[in-house]
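Notes to accompany the following structure.
The values are calculated or read from the model by the stated rules, or taken from the named source; none is laboratory data. Quick caveat, the model's predicted, so the values are computed rather than measured. Virtual Cβ from ideal backbone geometry, glycine too; neighbours counted across all protein chains shown.
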Amino acid sequence: MKDPYEVLGVPRDADEDRIKKAYRELAKKHHPDLHPGDKSALAKFQEVQGAYDLLSDKEKRRRFDAGEIDASGAERPPRNFYRAYADGSEGAKYHGFGESADIDLDDLFGMFGGAARAGGRRRGGGQPFQMPGADVSYTLRVSFLDAANGARQRITLPDGRSIDVAIPEGTHDRQTLRLKGQGQPGIGGGEPGDAYIEIHVEPHAFFTRKDNDVHVEIPVTLDEAILGAKTEVPTVSGLVNLTVPKGSNTGTTLRLKGRGILDARTKARGDQYVKLKVVLPDQIDDELRSFIETWSKTHKYDVRRKAGMA
Amino acid sequence: MADFDEVIRSCRIERIELETWIERRWVLPARDDGNYVFSETDVARVSLICDLTRDLALDEDAMSVVLPLLDQVYALRSSLRRVAEAIGGLPEPTRAQLREQLRKTPRRRP
């Protein structure tokens, strides 16, 4: 790390105003987003910012001047500059919208193919220039069940247009949907680009997905676990009957075949795995307590030894 | 992806500032159920606008000149890159022809 006074080009007794002014000048000159083609701008700007952070803070500057701290550690954490995105398809939404809606690339590319005018006269010949529009990408949050069962969702694009997105059944997290022709308009009559929608599936309160299988934990009562029971459990496609076998335990896992999520490619359906969790009543009444006291005297069982913990 | 509160926190700006920037269409976050959703691009753009306001002391009037010009630069760069890629995909004789044509086309001088 270089000497911050040197970086900003100010004398050691420069006042706050002078430092600020020097910083402003250098920031204008080196801000990476203002100089997208300049590869050295990033390092230079970060150096300048680091120096300014140190010298604009009275306490830090005093300690630096007194030799208590050196100039390192004044660097800011790395950050993503806009220029890294502006050329990408996500940045394309800023190219023709908002305040810069008057950009006319037709005008620029009309120059190709001999449409350029020189001194008021056309020169050259050839075909008018055509170029397909740029692709754009968006992200869309979708609920777990909408992704599992398929849904239509209307999204408002940043340019104000809204489009209907058909989310296919079984869509998984980070899957990208392509909407043909919904990107930027073409130039000179060229085809429009495509819109790419990356789906972010939101987590569900009790379902989790592994491949095309759905996992869920179902609480059962003590009597259901010991005596067995018939009950209904939620699946992604609604309630389904489930038989809890006699003598079930916490961790007992039952499979509901074909109650998972449809695989878009193979058209096969995954399964739902139901993991049971035995839950004691909220209040242990006297009857239960005294029964267990009597019962446990003659029915010892060592669960921790079995688990390898004793 | 970030929501409104995450953006104002990470960029250290006031709520009203970000609201104004969205209103002026300087930032174009997507909407989901009426809530703003900021992509990484949007967040980087908010940081840029913040730098321009704070560090470079641009006022609103200056910003509404600078930002569209900047967008045009990026739009032109992105279009030029596509043209360059398209040219790169042409057979060598055609590229040689293009180089020759460029050499013959005089630069405009003031």
Among the candidates B:58, B:67, residue that is modelled with pLDDT of 85 or more, in contact with a Leu (Cβ under 6 Å, 6 or more places away or on another chain) and crowded, with 16+ Cβ neighbours inside 10 Å: B:58
Lone unmet requirement of (1) over 20 Å from residue A:146 (Cβ atoms); (2) in contact with a Ser or Thr (Cβ under 7 Å, 6 or more places away or on another chain) for residue A:215: (1)
Members of the range B:26-36 found to be modelled with pLDDT of 85 or more and either in contact with a Phe, Trp or Tyr (Cβ under 6 Å, 6 or more places away or on another chain) or within 7 Å of chain A (Cβ to nearest Cβ) (or both), listed by number: B:26, B:27, B:28, B:29, B:30, B:36
Pairs with Cβ under 6 Å, 6+ apart, first in the range A:12-26 and in the same structural domain as residue A:58 (by TED's automatic domain parsing) and under 10 Å from residue A:52 (Cα atoms), second assigned to a helix (DSSP H, G or I) and among the aromatic types (Phe, Trp, Tyr): A:23/A:52
Residue match in the range B:71-84 (condition: over 22 Å from residue A:90 (Cβ atoms) and not assigned by TED's automatic domain parsing to the domain that holds residue B:49): no
Unique residue being in contact with a Cys (Cβ under 9 Å, 6 or more places away or on another chain) and more than 7 Å from chain A (Cβ to nearest Cβ) when the list is B:107, B:54, B:12, B:103: B:12
Within the range A:25-66, tally of residues that are more than 14 Å from chain B (Cβ to nearest Cβ), more than 15 Å from residue A:9 (Cβ to Cβ), part of a helix (DSSP H, G or I) and under 35 Å from the mean Cα position of the chain (by Cα): 1
Conditions (1) modelled with pLDDT of 85 or more; (2) under 26 Å from residue A:45 (Cβ atoms); (3) within 11 Å of chain A (Cβ to nearest Cβ); number of the one not met by residue B:3: (2)
Any pair with Cβ under 7 angstrom, 6 or more apart, that starts in the range A:29-56 at a residue that is in the same structural domain as residue A:19 (by TED's automatic domain parsing) and ends at one that is among the aromatic types (Phe, Trp, Tyr) and assigned to a helix (DSSP H, G or I): A:30/A:45; A:31/A:45; A:32/A:45; A:36/B:74; A:48/A:23; A:52/A:23; A:54/A:64
Where residue B:42 falls short, out of the listed (1) more than 7 Å from every other protein chain (Cβ to nearest Cβ); (2) under 30 Å from residue A:141 (Cβ atoms); (3) surrounded by fewer than 22 Cβ atoms within 10 Å (Cβ to Cβ); (4) among the acidic types (Asp, Glu): (3)
Condition met for residue A:235 (closer than 25 Å to residue A:171 by Cβ and either aliphatic (A, V, I, L, M) or in contact (Cβ under 8 Å) with a residue 12 or more places away in the chain (or both)): yes
